[in-house]
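One structure follows; several queries about it will come next.
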């Protein structure tokens, strides 16, 4: 057999992690090509210079409790670059007031009424305390919208003031449309196991406290030089051929393997490969799979997307930020004069990360955009910066003009995990498994965070490598 060749479509973290794993599995002689329609690698991982400092303007961290990303960082020799948050608490603006994000909750779902006393009204607290008296929850294997379940059991406040802002920070979505099983799997699992009430399910799903005298393990991690460091190292160790700035227009099976049509419609070029990993957003996967695995394409077509923007501000050195890591905003919060907030969240980066402190410009990130919300994202960069600065002033009193500002837009950047998402993904994977030499990876499948993307990449690489080895034998 000639030198094996695998094409990886998509140069985000999923595609690069798949290329890296393929290199480890197939060895130095294999040919691996990564094709990315943008002119840069990294996808939603992007580190920009803001006020002369490295600032992530896409994903800013990964969940450290899941092992995949942390293990990959160690495998790539980047452990010395790994840093964790300072431990300064996050806050939430709800009901017109800023309060600490309560502990004793699972993504805002309380394990007790006492846990959310500072955030809810007296009526809201009564509803939470009385929830175990309602008829037991029986999902019977079905999925349900998070918002519908919360409102039925707790009334509106837990969803509006806590869970919606927290899930909105992860998915840029709303509890009304996000599915319980994909976004809160531990909670769903406890309900399946017979917890009966949301309070009981949340209490069971909370992480166990550390042993006496032991520190609680960090929840999040990032890299000192920004997450583009991870992108660069993956590209280096994968030693793949890179094709940037050209879309993959079509994918067809051949007697030998696969043919990829690349470039413009007027003058496409062809690339032959033995196997293919698709690590692209849902719309691109749908298009490329339409004639190969139509059932998978149909399921990908059901995935909705949310757009958002990150407004990164570098404030003058010495600018005093609140002693918080940031603030999440409930959707209908307003300025004192009745003006709606534009941002859905702020990260006070120079408070959250010790390596971004010091005497240099102070970094703040404002996030804009929720699923179905387009009006705010139609504003110009200058208008977005002005609106986010006004929000920051209202929330913190900080009015100092920034020394630099960078607006990064993520059109269709976040897949929405709606009701039945797990069944949708299972349908995709069953259909793709019927096609030899093909695998899928990416944020549309089992999680939008970096660890989940790495997990799908590892699985896709293993499947494709097994196909290549079977052809060798």
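The values are calculated or read from the model by the stated rules, or taken from the named source; none is laboratory data. Quantities reported herein were computed from a predicted structural model and do not represent experimental measurements. Positions of Cβ are generated from backbone atoms using ideal geometry, with glycine treated the same way; all protein chains shown enter the neighbour counts.
Can you go through 189, 194, 225, 221 and tell me which one is in a loop (DSSP other than H, G, I, E, B) and touching a helix residue (DSSP H, G or I) at 6+ places or on another chain (Cβ under 8 Å)?
On the way: 189 fails: in a loop (DSSP other than H, G, I, E, B); 194 fails: touching a helix residue (DSSP H, G or I) at 6+ places or on another chain (Cβ under 8 Å); 221 fails: in a loop (DSSP other than H, G, I, E, B).
The unique qualifying residue is 225.
Taking the stretch 96-117 as the search range and keeping residues that are in contact with a strand residue (DSSP E or B) (Cβ under 9 Å, 6 or more places away or on another chain) and not in a loop (DSSP other than H, G, I, E, B), which one is nearest to residue 396 (Cα to Cα)?
98
The rows are residues; the columns are (1) surrounded by fewer than 19 Cβ atoms within 10 Å (Cβ to Cβ); (2) out of contact with any strand residue (DSSP E or B) (no Cβ under 8 Å at 6 or more places or on another chain); (3) touching a residue at least 40 places away in the same chain (Cβ under 8 Å); (4) closer than 30 Å to residue 354 by Cα.
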position: 160; (1), (2), (3), (4): no, no, yes, no
position: 192; (1), (2), (3), (4): yes, yes, yes, no
position: 195; (1), (2), (3), (4): no, yes, yes, no
position: 203; (1), (2), (3), (4): yes, yes, yes, no
position: 230; (1), (2), (3), (4): no, no, yes, yes
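Yes or no, residue by residue, for (1) in the same structural domain as residue 58 (by TED's automatic domain parsing); (2) surrounded by fewer than 19 Cβ atoms within 10 Å (Cβ to Cβ); (3) out of contact with any strand residue (DSSP E or B) (no Cβ under 8 Å at 6 or more places or on another chain); (4) at positive phi:
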{"position": "12", "(1), (2), (3), (4)": "no, no, no, no"}
{"position": "17", "(1), (2), (3), (4)": "no, no, yes, no"}
{"position": "22", "(1), (2), (3), (4)": "no, no, no, no"}
{"position": "35", "(1), (2), (3), (4)": "no, no, no, no"}
{"position": "38", "(1), (2), (3), (4)": "no, yes, no, no"}
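Being buried (at least 20 other Cβ atoms within 10 Å of the Cβ) and in a helix (DSSP H, G or I) is the filter here, so list the residues in the stretch 420-450 that pass it.
Answer for the stretch 420-450, where residues must be buried (at least 20 other Cβ atoms within 10 Å of the Cβ) and in a helix (DSSP H, G or I): 421, 424, 425, 428, 431, 432, 450.
With the checklist (1) free of Cβ contacts under 8 Å to residues at least 24 places away in the same chain; (2) crowded, with 17+ Cβ neighbours inside 10 Å in hand, flag the one item residue 211 doesn't pass.
The number of the failed condition is (2).
Output the number of residues of the stretch 71-95 satisfying the condition of being farther than 30 Å from residue 395 by Cα and in contact with a helix residue (DSSP H, G or I) (Cβ under 8 Å, 6 or more places away or on another chain).
8
While we're on this one: Given the criterion part of a helix (DSSP H, G or I), touching a strand residue (DSSP E or B) at 6+ places or on another chain (Cβ under 7 Å) and either assigned by TED's automatic domain parsing to the domain that holds residue 378 or modelled with pLDDT of 95 or more (or both), identify the matching residue among 285, 297. Talk me through it step by step, then tell me what you get.
Values: 297 fails: touching a strand residue (DSSP E or B) at 6+ places or on another chain (Cβ under 7 Å).
Result: 285 is the single residue among 285, 297 that is part of a helix (DSSP H, G or I), touching a strand residue (DSSP E or B) at 6+ places or on another chain (Cβ under 7 Å) and either assigned by TED's automatic domain parsing to the domain that holds residue 378 or modelled with pLDDT of 95 or more (or both).
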